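Before any comments, here is the structure.
The values are calculated or read from the model by the stated rules, or taken from the named source; none is laboratory data. Bear in mind that the values here come from a model prediction, so they are computed numbers and not experimental data. So basically every Cβ, Gly included, is an ideal-geometry build from the backbone, and we count neighbours across all protein chains shown.
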């Protein structure tokens with residue numbers, strides 16, 4: 001029966017009681033580590049499944065390690081040593097393989113690995129519960145694979161995903177002398193898939209510990225980035241940008257605008273380092289939102305204009321930039337410029353082509369239209385309030401109803417509530433406060449069991465202030481609805 005060289009070496013080693021010297025056969029240090037692991041596993045009389053059960057891995061993960069397709073950390077090698085009675089041989093092989101993986105690198109500016117907030121990683125449990133499963137493949141939820149971009153990538157199954165994430169964070173915290181090992185494809189897919197699931201959970205109202213879980217992963221990414229080779233810096237910077245942007249979005253959703261701003265600022269730095277246009281545009285758009293919430297239209301306009309520079313010549317980015325400009329101009333009551341920017345955003349939307357799809361393969365025309373129409377509705381509503389024009393309010397209501405119609409049944413419940421509140425505000429700006437309160441009643445009653453997202457609360461406060469001026473009784477009824 002034919003046997004390969006590794007099997008023969010394992011048998012000879014088993015008979016002699018000691019493995020051959022490190023690097024005796026295979027120039028690839030991780031394939032050599034895998035051959036040594038196979039030797040010790042067979043000597044212990046364990047199957048791949050039995051070894052996997054002992055260290056918390058699936059048998060397919062053990063197979064990948066033995067074939068050199070997946071790396072392990074020294075901490076995992078320690079567990080293998082203990083389980084297989086290898087006497088530290090696997091730990092030594094792992095450390096030497098890691099050392100061979102670390103090429104000479106240029107100094108990395110310390111400021112580029114500074115986390116958004118001071119202090120260490122959050123101490124909450126590593127895995128915050130998520131309300132939805134991880135996607136089966138990438139791209140998903142606006143996230144590309146940091147190694148393979150828009151190419152279709154399989155996300156590991158849930159058990160392996162959790163093990164890969166835990167191993168990644170443990171390695172960053174262990175402070176091994178050689179530094180954390182390089183980012184492998186399976187781990188990159190696992191981290192991105194888990195982040196997509198976490199963001200979807202946040203859309204359903206958020207869960208305690210979700211922001212801390214995202215930020216803990218970010219700290220682990222930054223630990224890798226600090227010692228990364230030139231080839232690894234770009235994918236790790238993309239992971240850092242995506243996690244910092246996600247942390248900022250979750251904090252903004254919770255009404256923590258100052259800390260959201262810190263996260264977004266760091267996300268911009270890492271997105272620029274990674275040449276990650278989607279995260280740059282998304283972060284600048286969210287920064288423009290924060291500036292509007294602070295009542296600073298000049299700053300909001302500055303961030304909106306930066307979107308065009310982040311992705312020049314791309315219609316998806318042009319639509320995002322123009323609609324953000326419209327919202328900034330609306331706050332100043334500039335009717336002509338606001339309407340022109342809305343028209344330009346819709347024109348960009350109509351001209352999206354295959355280049356846009358290559359940049360953002362997850363962003364369908366329908367989802368992009370939803371973004372544009374919902375923002376156009378908000379801009380028209382703000383403009384109506386600024387100049388007291390019921391006609392503009394009715395146009396805003398029509399755009400809001402279009403956005404609501406683009407939402408599928410049960411899709412994005414927090415966005416549906418936001419759009420409903422906005423529609424009610426359009427009624428108020430059209431001098432029909434009774435219709436505003438009547439529309440809001442059922443929506444707020446169904447949302448009473450959960451905390452209202454910060455953006456919904458912001459819109460409700462603005463609506464109540466408008467009602468208080470024109471119809472104090474309607475404002476009182478709204479306060480009763482919110483307080484239920």
(request) Taking the options 441, 434, 457, name whichever one is modelled with pLDDT of 85 or more and either over 21 Å from residue 382 (Cα atoms) or out of contact with any strand residue (DSSP E or B) (no Cβ under 7 Å at 6 or more places or on another chain) (or both). (result) 434
(message) Among the numbered criteria (1) assigned to a helix (DSSP H, G or I); (2) touching a helix residue (DSSP H, G or I) at 6+ places or on another chain (Cβ under 7 Å), which one does residue 212 miss?
(response) (2)
(request) Looking only at segment 385-402, decide whether some residue is under 30 Å from the mean Cα position of the chain (by Cα) and not in a helix (DSSP H, G or I). (result) no
(request) Would you mind telling me which numbered condition in (1) touching a helix residue (DSSP H, G or I) at 6+ places or on another chain (Cβ under 6 Å); (2) within 21 Å of residue 351 (Cβ to Cβ); (3) surrounded by fewer than 21 Cβ atoms within 10 Å (Cβ to Cβ) residue 313 fails? (result) (1)
(request) Give segment 322-373 a look and list any residue that's surrounded by 15 or more Cβ atoms within 10 Å (Cβ to Cβ), under 22 Å from the mean Cα position of the chain (by Cα) and part of a helix (DSSP H, G or I), or say none. (result) 324, 356, 357, 359, 368, 369, 370, 371, 372
(message) Pairs needed: first member in segment 102-124, closer than 24 Å to residue 73 by Cβ; second member anywhere, in a loop (DSSP other than H, G, I, E, B) and modelled with pLDDT of 65 or more; C-beta distance under 7 Å; at least 6 residues apart or different chains.
(response) 102/229; 103/229; 105/229; 124/209
(message) Give me the residue from segment 289-321 that is under 26 Å from residue 272 (Cα atoms) and outside any helix (DSSP H, G or I) and, out of that set, farthest from the chain's Cα centre (by Cα).
(response) 296
(request) Determine whether residue 254 is at pLDDT below 90 and either under 25 Å from residue 460 (Cα atoms) or surrounded by 24 or more Cβ atoms within 10 Å (Cβ to Cβ) (or both). (result) yes
(message) I need the full set of residues from segment 92-121 which are touching a helix residue (DSSP H, G or I) at 6+ places or on another chain (Cβ under 9 Å), part of a loop (DSSP other than H, G, I, E, B) and modelled with pLDDT of 80 or more, in order please.
(response) 114, 115, 116, 117
(message) Can you find, within segment 131-143, the residue that is modelled with the lowest pLDDT among those that are under 15 Å from the mean Cα position of the chain (by Cα) and over 23 Å from residue 235 (Cβ atoms)?
(response) 132
(request) Determine whether segment 177-189 contains at least one residue that is touching a strand residue (DSSP E or B) at 6+ places or on another chain (Cβ under 8 Å), at pLDDT 85 or above and over 18 Å from residue 231 (Cα atoms). (result) no
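Per-residue answers, yes or no, for (1) assigned to a helix (DSSP H, G or I); (2) at pLDDT 80 or above; (3) under 34 Å from the mean Cα position of the chain (by Cα):
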site	(1), (2), (3)
6	yes, no, no
11	yes, no, no
21	no, no, no
27	no, no, no
40	yes, yes, no
43	yes, yes, no
54	yes, yes, yes
64	yes, yes, yes
68	no, yes, yes
(message) Checking residue 124 against (1) at pLDDT 85 or above; (2) surrounded by 15 or more Cβ atoms within 10 Å (Cβ to Cβ), only one condition comes out false. Which one?
(response) (1)
